[in-house]
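The values are calculated or read from the model by the stated rules, or taken from the named source; none is laboratory data. Bear in mind the structure is a predicted one, so any value in this text is a computation, not a measurement. Don't worry about glycine lacking a Cβ; one is built from the backbone with ideal geometry, like all the others, and counts go over all protein chains shown. These accessible areas exclude ligands, DNA and RNA; they are computed on the full protein's heavy atoms, side chains included. Shrake-Rupley method; radii C 1.70, N 1.55, O 1.52, S 1.80 Å.
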Amino acid sequence: MMRKILKNEWTVKIGSAVIALAAFCMLWQAVTVFTGMGDFLPGPAETFAEFFRRFVKPYGKAVLPMHMWSSLRRILIGYTVASAVAIVLGIVMGTYRIADAIVMPLFNIIRPIPPVAWIPLAILWFGIGDASKYFLVFLATFLSVLQNAYAGARSADPVLVGAARMLGANDGFIFRTITLPCAVPYIFSGLQNGLTAAWGQVVASEMIRSSAGVGWIIIRGMDNNDILQELVGILTIGIIGFILAASMRGVEAKLCRWTTRGK
Amino acid sequence: MEKNSDLKFKVISCCSVIGFIAVWYLCTDILQLTTDITLPGPVKVLHTFIDKFTNKSPDGGTLLQHMWSSLRVALSGYAMGIIIGVPLGILMAWYRPVDLLARPVFDFVKAIPGLAWAPLLIILLGIGFMSKAVTIFVAALTPCVLNAYAGVKQTREVHMWVARTFGATRRQMLFKVAIPTALPHIMTGIRVALGSAWMSIVAAELIASSSGLGYMIQQCRGIYRPDVIIVGMLMIGFIGSVLTWIIGIIERAVVKGQTHDA
Amino acid sequence: MNDMKVRVKSLTKKFGDLLVLDDISFDVKKGQFLCVVGPTGCGKTTFLNCITRLYEPTSGEILVDGEPVDLRKHNVSYIFQEYSTMPWLTVEENVAFGLRIKKKPEAEIKESVDEVIEMVGLQKFRNYYPSQLSASMLQRVVIARAFATKPDILLMDEPYGQLDIELRFKLEDELIGLWKKLGTTIIFITHNIEEAVYISEDILILTNKPTTIKQMMANPLSRPRVVTEKRFIEVREQVTELIKWW
């Protein structure tokens, strides 16, 4: 029976993940108990307890789930709109050289500028409310997804395209059956990177100017020198980020079963 | 014929950029759709750019001083990230026990944007070089580890077997097969980490710093000087490009002979 | 008994409940060229992997020069079915790979590499990378690498399976040349009966799973061999009869 459990790849992975995280927490606990750091660093038990406590006890004006929702709200709209626009534009650019020639040089100037660098300008233009955050999430997602969609559209094997043309296929057909499927793995890669970038962007912009959200929590904590608040904030950010990434991977696995992009 | 159409597209690209600047100029200086405190025109931006090389106001430092401050911190954190991250990734991929224990922790930490550690580090280390450098370190670490890990995992079994039949020790297999196989991935990781590092220094400086390009643009927001902000943004982009270009050269030199799938 | 290079005694290999190799015993003389033929999937590769300890035998033992196989002590080269050149090394460095693992002195490495590269005719391509070479050249690199260490035993697992007939004959002749010059003991796996009759001194015929020895026969033909000759065809049909796996 034990052998069967150990042989199942899934259980080994999840089991070792649980053990690893438990071991990490024990190490953390040991550090707080046995070293000088325990004077100011809260242990895992305290942190997790505080995390759950904040579901009812507010940080500032809102409880933890409300802050989580604030942050998620900012990401969801910006991300979906930006992804849609970027995928379309990227594929167009990858397929038609003229679009490439017009947009690419502008993109190459904007791309190296990290989205965080846009924050002061965004605040100047859109104020300190949600509008600037939507803009920034849009920007961060857009840059990432566009790049990948473009690479995807261009990755269509010219040999395949040539063969199809020779057999009499028209542009639309080639697009649907060759260009698009070849681009899909790249697009998903872009969507994943875009999601990570968008999440990072939300956190960053909340840290710099906002009145609610997970980024706000850790900046408040910094102002109050409250390490416990920091840890709860980091934990929350990690959990949401992890769930977002895992969901994305799940969607991709479902839709892209014919290609293995590695783990 | 190819050359003609290539040239045609290059001309279109140039026109695109010129057109963009023209429209910008049109909107700001001619049609006066915006003011100097929301969007300055290209002429003003150019003027400010040249001026900022020597002028310390309005934020307390010249352009070069800020550049150097940012670069110093970014490169320190980045170097540490590579030095620790790449060997860590290799070890994680090579020794199964380390893999099973470290990987889940890493998968979770990976989801936390590097910047989120900054406030904690500021509490622990105060505002200054160390907290920023460690933030960069954390941001640069993840891509290095993940890519080194993926690279080693790609090692082909047949190559290991070749080494083994020649009598190689485990250690020889690591250095003569696994690591060379991983090299293209490691270089990708280093390149991505650079992007992360550069981005993180800007972000860290936006939060709490007294110098650096991020600090500069943050300060100038408060005093409504978008011309300096745009100059700063362009500089940030420019330096990021130069650094990436340098890494690209190193990458091409190191990865000769191997074709690497992204 | 001292000129027995390899002695296989009651070799048995099971994967879980699947019995692949069943009590196989035979000897290989020093300098002998042995071809192992049998139906596809009968465990020929498993068999080679047991010899090199890449798989551990379930029971039985394999002795080289009277001792159990030890890859660090015994000089073994293995040419795999899949392409196994290291893409990050040039042709020259690939060929030197085995010698470097064995930590031979630089001078010796240079001499062996030069000698072997010349034998396979790749002098012009010394500094090329595998990605720039054709399939047959890649196999030559692998063969050069295998011979560079002047192995006691050379194991080859259907190395020419992917190549066309003309190339195959060419490489087979080259191999025979190298074998004659260096006196290596070679165990060569193939499912191509014509190939086996062409290159071997002895032929070991295996059965289907669970695999045992059908017969060990000596190849009566003298060299040089001509594939279209009557005698050749007779021997070939004889072996085919013995194998008769369909």
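Might you let me know whether the range C:130-152 holds any residue that is more than 30 Å from C:Leu21 (Cβ to Cβ), more than 13 Å from every other protein chain (Cβ to nearest Cβ) and charged (D, E, K, R)?
Within the range C:130-152, one or more residues are more than 30 Å from C:Leu21 (Cβ to Cβ), more than 13 Å from every other protein chain (Cβ to nearest Cβ) and charged (D, E, K, R).
Check every one of the helices (runs of 4 or more DSSP H) wholly within the range C:137-246 and list those with 2 or more residues that are touching a Cys at 6+ places or on another chain (Cβ under 9 Å). Lay out the reasoning, then the answer.
Numbers: elements: C:165-182, C:193-199, C:230-243.
Qualifying helices (runs of 4 or more DSSP H): C:193-199.
Pairs needed: first member in the range B:89-100, surrounded by fewer than 17 Cβ atoms within 10 Å (Cβ to Cβ); second member anywhere, in a helix (DSSP H, G or I); C-beta distance under 7 Å; at least 6 residues apart or different chains.
Hits for this filter: B:Val98/B:Leu91; B:Val98/B:Met92.
How many of the residues in the range A:199-225 are more than 8 Å from chain B (Cβ to nearest Cβ), open to solvent by 20 Å² or more (accessible area, probe 1.4 Å) and either assigned to a helix (DSSP H, G or I) or farther than 21 Å from A:Ala131 by Cα (or both)?
4
Pick from the range B:114-127 the residues that are touching a residue at least 12 places away in the same chain (Cβ under 8 Å) and open to solvent by 20 Å² or more (accessible area, probe 1.4 Å): which of them is nearest to C:Thr149 (Cα to Cα)?
Of the range B:114-127, the ones touching a residue at least 12 places away in the same chain (Cβ under 8 Å) are B:114-115, B:117-119, B:121-122, B:127.
Right, trim to open to solvent by 20 Å² or more (accessible area, probe 1.4 Å) and you get B:117, B:121-122, B:127.
On the way: B:Trp117: 54, B:Leu121: 56, B:Ile122: 59, B:Ile127: 61 Å.
Ranking the qualifying residues of the range B:114-127, first place goes to B:Trp117.
Being at pLDDT below 85 and farther than 23 Å from B:Val17 by Cβ is true for just one of A:Gly200, A:Gly162, A:Gly190, A:Gly194. Which residue is that?
Working: A:Gly200 fails: at pLDDT below 85; A:Gly190 fails: at pLDDT below 85; A:Gly194 fails: at pLDDT below 85.
Going through A:Gly200, A:Gly162, A:Gly190, A:Gly194 in turn, the sole match is A:Gly162.
Given the conditions (1) at pLDDT 90 or above; (2) assigned to a loop (DSSP other than H, G, I, E, B), which single one is not true for A:Ala156?
The one condition A:Ala156 does not meet is (1).
Right, C:Ile199: under 13 Å from the mean Cα position of the chain (by Cα), within 26 Å of C:Ile101 (Cα to Cα), touching a residue at least 40 places away in the same chain (Cβ under 8 Å) and open to solvent by less than 10 Å² (accessible area, probe 1.4 Å) or not? Let's see the steps before the verdict.
Details: under 13 Å from the mean Cα position of the chain (by Cα): yes; within 26 Å of C:Ile101 (Cα to Cα): no; touching a residue at least 40 places away in the same chain (Cβ under 8 Å): yes; open to solvent by less than 10 Å² (accessible area, probe 1.4 Å): yes.
Considered against the rule, which asks whether it is under 13 Å from the mean Cα position of the chain (by Cα), within 26 Å of C:Ile101 (Cα to Cα), touching a residue at least 40 places away in the same chain (Cβ under 8 Å) and open to solvent by less than 10 Å² (accessible area, probe 1.4 Å), C:Ile199 comes out as no.
Here is a yes/no grid of residues against (1) of a type outside the set (Gly, Ala, Ser); (2) away from chain B (no Cβ under 12 Å); (3) in contact with a helix residue (DSSP H, G or I) (Cβ under 9 Å, 6 or more places away or on another chain); (4) closer than 27 Å to A:Val184 by Cβ:
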site: A:Trp118; (1), (2), (3), (4): yes, no, yes, no
site: A:Ala122; (1), (2), (3), (4): no, no, yes, no
site: A:Asp130; (1), (2), (3), (4): yes, yes, yes, no
site: A:Leu136; (1), (2), (3), (4): yes, no, yes, no
site: A:Ser144; (1), (2), (3), (4): no, no, yes, yes
site: A:Tyr150; (1), (2), (3), (4): yes, yes, yes, yes
site: A:Asp157; (1), (2), (3), (4): yes, yes, yes, yes
site: A:Ala164; (1), (2), (3), (4): no, yes, yes, yes
site: A:Asn170; (1), (2), (3), (4): yes, yes, no, yes
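List every residue pair whose Cβ atoms sit under 6 Å apart, with the two residues 6 or more apart in sequence or on different chains, where the first one lies in the range B:191-209 and is under 13 Å from B:Gly240 (Cβ atoms) and outside the structural domain of B:Ala74 (by TED's automatic domain parsing) and the second, anywhere, is assigned to a helix (DSSP H, G or I) and acidic (Asp, Glu).
Pairs found: none.
Take the residues in the range B:210-262 that are without any contact (Cβ under 8 Å) to a residue 12 or more places away in the chain and at the interface with another protein chain (Cβ under 8 Å from one of its Cβ atoms); name whichever of them is nearest to A:Leu121 (Cα to Cα). Give the steps one after another, and end with the answer.
Residues of the range B:210-262 that are without any contact (Cβ under 8 Å) to a residue 12 or more places away in the chain, as a first pass: B:221-222, B:237-238, B:241-242, B:245-246, B:249, B:252-253, B:256-257, B:259, B:261.
Right, trim to at the interface with another protein chain (Cβ under 8 Å from one of its Cβ atoms) and you get B:221, B:237-238, B:241, B:256-257, B:259.
On the way: B:Arg221: 7, B:Gly237: 15, B:Phe238: 18, B:Ser241: 21, B:Lys256: 42, B:Gly257: 45, B:Thr259: 41 Å.
Per the criteria, the residue is B:Arg221.
With respect to C:Val113, determine if the residue is open to solvent by less than 50 Å² (accessible area, probe 1.4 Å), among the β-branched types (Val, Ile, Thr), farther than 23 Å from C:Lys214 by Cα and more than 14 Å from every other protein chain (Cβ to nearest Cβ). Write out each step before concluding.
Details: open to solvent by less than 50 Å² (accessible area, probe 1.4 Å): yes; among the β-branched types (Val, Ile, Thr): yes; farther than 23 Å from C:Lys214 by Cα: yes; more than 14 Å from every other protein chain (Cβ to nearest Cβ): yes.
Criteria met by C:Val113.
If you take the residues of the range A:80-114 that are facing chain B (nearest Cβ under 8 Å), in a helix (DSSP H, G or I) and not hydrophobic (A, V, I, L, M, F, W, C), which of them is nearest to B:Ile37 (Cα to Cα)?
Top of the filtered list is A:Pro105.
Return the residues of the range B:16-37 that are part of a helix (DSSP H, G or I) and open to solvent by 80 Å² or more (accessible area, probe 1.4 Å); say none if nothing qualifies. Walk me through how you get there before you give the answer.
Quick first cut of the range B:16-37, residues part of a helix (DSSP H, G or I) only: B:16-30.
B:Ile18, B:Phe20, B:Val23, B:Tyr25, B:Ile30, listed by residue number.
I'm told A:Phe40 meets every condition in (1) under 30 Å from B:Ile239 (Cβ atoms); (2) hydrophobic (A, V, I, L, M, F, W, C); (3) open to solvent by 50 Å² or more (accessible area, probe 1.4 Å); (4) at pLDDT below 90 except one. Can you identify the failing condition by its number?
(1)
Taking C:Val227 and the conditions (1) under 20 Å from C:Phe26 (Cα atoms); (2) at pLDDT below 85, which numbered condition does it fall short on, given that it satisfies the others?
So the condition that C:Val227 fails would be (1).
What do you reckon, is B:Ile179 hydrophobic (A, V, I, L, M, F, W, C), out of contact with any Pro (no Cβ under 8 Å at 6 or more places or on another chain) and open to solvent by 30 Å² or more (accessible area, probe 1.4 Å)?
On the way: hydrophobic (A, V, I, L, M, F, W, C): yes; out of contact with any Pro (no Cβ under 8 Å at 6 or more places or on another chain): yes; open to solvent by 30 Å² or more (accessible area, probe 1.4 Å): yes.
When the stated conditions are applied, B:Ile179 passes them.
Would you please list the contacts, defined by Cβ atoms under 6 Å and residues six or more apart or on different chains, that run from a residue in the range A:34-58 that is among the polar types (S, T, N, Q) to a residue that is part of a loop (DSSP other than H, G, I, E, B)?
Final answer for the pair search is none.
Every residue, every condition in (1) within 26 Å of C:Val141 (Cβ to Cβ); (2) touching a strand residue (DSSP E or B) at 6+ places or on another chain (Cβ under 8 Å); (3) at pLDDT below 85; (4) open to solvent by 10 Å² or more (accessible area, probe 1.4 Å), yes or no:
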{"residue": "C:Met1", "(1), (2), (3), (4)": "no, no, yes, yes"}
{"residue": "C:Leu19", "(1), (2), (3), (4)": "no, yes, yes, yes"}
{"residue": "C:Val36", "(1), (2), (3), (4)": "yes, yes, no, no"}
{"residue": "C:Cys42", "(1), (2), (3), (4)": "no, yes, yes, no"}
{"residue": "C:Phe47", "(1), (2), (3), (4)": "yes, yes, yes, no"}
{"residue": "C:Pro57", "(1), (2), (3), (4)": "no, yes, yes, yes"}
{"residue": "C:Gln81", "(1), (2), (3), (4)": "yes, yes, yes, yes"}
{"residue": "C:Ala96", "(1), (2), (3), (4)": "yes, no, no, no"}
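Can you confirm whether A:Val92 is over 29 Å from A:Ile237 (Cβ atoms), open to solvent by 50 Å² or more (accessible area, probe 1.4 Å) and assigned by TED's automatic domain parsing to the domain that holds A:Ile240? It would help to see each step written out before you state the result.
Numbers: over 29 Å from A:Ile237 (Cβ atoms): yes; open to solvent by 50 Å² or more (accessible area, probe 1.4 Å): yes; assigned by TED's automatic domain parsing to the domain that holds A:Ile240: yes.
Criteria met by A:Val92.
Is there a residue being out of contact with any Lys or Arg (no Cβ under 8 Å at 6 or more places or on another chain) and closer than 14 Å to B:Gly232 by Cβ anywhere in the range B:35-43?
Yes, some residue in the range B:35-43 is out of contact with any Lys or Arg (no Cβ under 8 Å at 6 or more places or on another chain) and closer than 14 Å to B:Gly232 by Cβ.
Could you go through the range C:24-36 and let me know if any residue there is of a type in the set (Lys, Arg) and touching a Lys or Arg at 6+ places or on another chain (Cβ under 8 Å). If you could, list the steps in order and put the result at the bottom.
Applying the first criterion (of a type in the set (Lys, Arg)) to the range C:24-36 yields C:29-30.
Applying the additional criterion that residues be touching a Lys or Arg at 6+ places or on another chain (Cβ under 8 Å) yields C:29-30.
So far as the range C:24-36 goes, yes, one or more of its residues are of a type in the set (Lys, Arg) and touching a Lys or Arg at 6+ places or on another chain (Cβ under 8 Å).
Quick check on my filter: what residues within the range A:227-244 are facing chain B (nearest Cβ under 8 Å) and more than 16 Å from B:Ile112 (Cα to Cα)?
A:Ile227
If you scan the range C:215-246, which residues turn out to be touching a residue at least 40 places away in the same chain (Cβ under 8 Å) and open to solvent by 40 Å² or more (accessible area, probe 1.4 Å)?
Residues satisfying the conditions are C:Met216, C:Arg223, C:Arg236, C:Trp245.
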